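The values are calculated or read from the model by the stated rules, or taken from the named source; none is laboratory data. This is a predicted model, so every value here is computed, not measured. Please note: Cβ atoms are built from the backbone with ideal geometry, for glycine as well, and neighbour counts cover all protein chains shown. Ligands, DNA and RNA are stripped out before the accessible areas are found, and what is left, the full protein with its side chains, is counted by its heavy atoms. Shrake-Rupley method; radii C 1.70, N 1.55, O 1.52, S 1.80 Å.
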Amino acid sequence: MALTTAQKTELERVASPHAMLSFIRISHSALDDDIRIVNDVLSFVRGGEEWTAVADLDPRLVSDSEGIPRTVLTVPNVDRRIGEALLATSERAIVSVEVLSSADFDLSVDPRTEVGTAAVYHAYYNFEIQDVSVDDMQVEATIILRDYSQEPWPFVVATEDRLPGLFV
């Protein structure tokens, strides 16, 4: 999403009321419900869903190089479900990140609530978790955008067993 000149100016002001908040959703078939976390000390309600506060959350911007888009996500290991779900199956978890401004929320209530519809300043969706390391303190994961150039093609190969009429 491209920022307007007015939005960029507002974000770069010294006395800006904006604190950038990263809303991270982790989806996995082993989870009953998505994990929704936000980098703040208080939880948020956004879009009718509760987002759990994780103060030491460390989301990084996605790389902008020639290779596959990737980044590293570090989450404090405060919820056993995260590590257990990611290590329980070979299926990759899906991660989406949206960066919003705190100015779009009522900060006087707990949990903090959205005022109107918050503008998304930066986002990346449907990234897959590739490498995961879990210890007592944190879960660190490399997340990548799926590389479709590595998919086998054609998926169905014309073999004599599958199509005997072609080989007469």
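Some points to look at:
- Positions within segment 88-111 being assigned to a strand (DSSP E or B), open to solvent by 40 Å² or more (accessible area, probe 1.4 Å) and within 16 Å of MET20 (Cα to Cα), in sequence order: ASP106
- Residue match in segment 145-160 (condition: modelled with pLDDT of 85 or more and either open to solvent by less than 70 Å² (accessible area, probe 1.4 Å) or under 16 Å from ILE26 (Cβ atoms) (or both)): yes
- Pairing each residue of segment 47-61 that is among the basic types (Lys, Arg) with any residue that is open to solvent by 30 Å² or more (accessible area, probe 1.4 Å), provided the two are 6+ apart or on different chains, yields C-beta distances under 7 Å for ARG60/VAL72.
- Of the candidates HIS122, HIS18, the single residue that is farther than 21 Å from ILE144 by Cα and either touching an Asp or Glu at 6+ places or on another chain (Cβ under 7 Å) or in a strand (DSSP E or B) (or both) is HIS18.
- The set of residues from segment 29-46 being in a loop (DSSP other than H, G, I, E, B), open to solvent by less than 60 Å² (accessible area, probe 1.4 Å), in contact (Cβ under 8 Å) with a residue 12 or more places away in the chain and not aliphatic (A, V, I, L, M) comprises ASN39, ASP40, SER43.
- Residues of segment 54-78 satisfying the condition of being among the β-branched types (Val, Ile, Thr), over 12 Å from the mean Cα position of the chain (by Cα) and either open to solvent by less than 40 Å² (accessible area, probe 1.4 Å) or closer than 15 Å to GLU98 by Cα (or both): VAL54
- Residue in segment 67-78 that is more than 19 Å from VAL132 (Cβ to Cβ) and not hydroxyl-bearing (Ser, Thr, Tyr) present: yes
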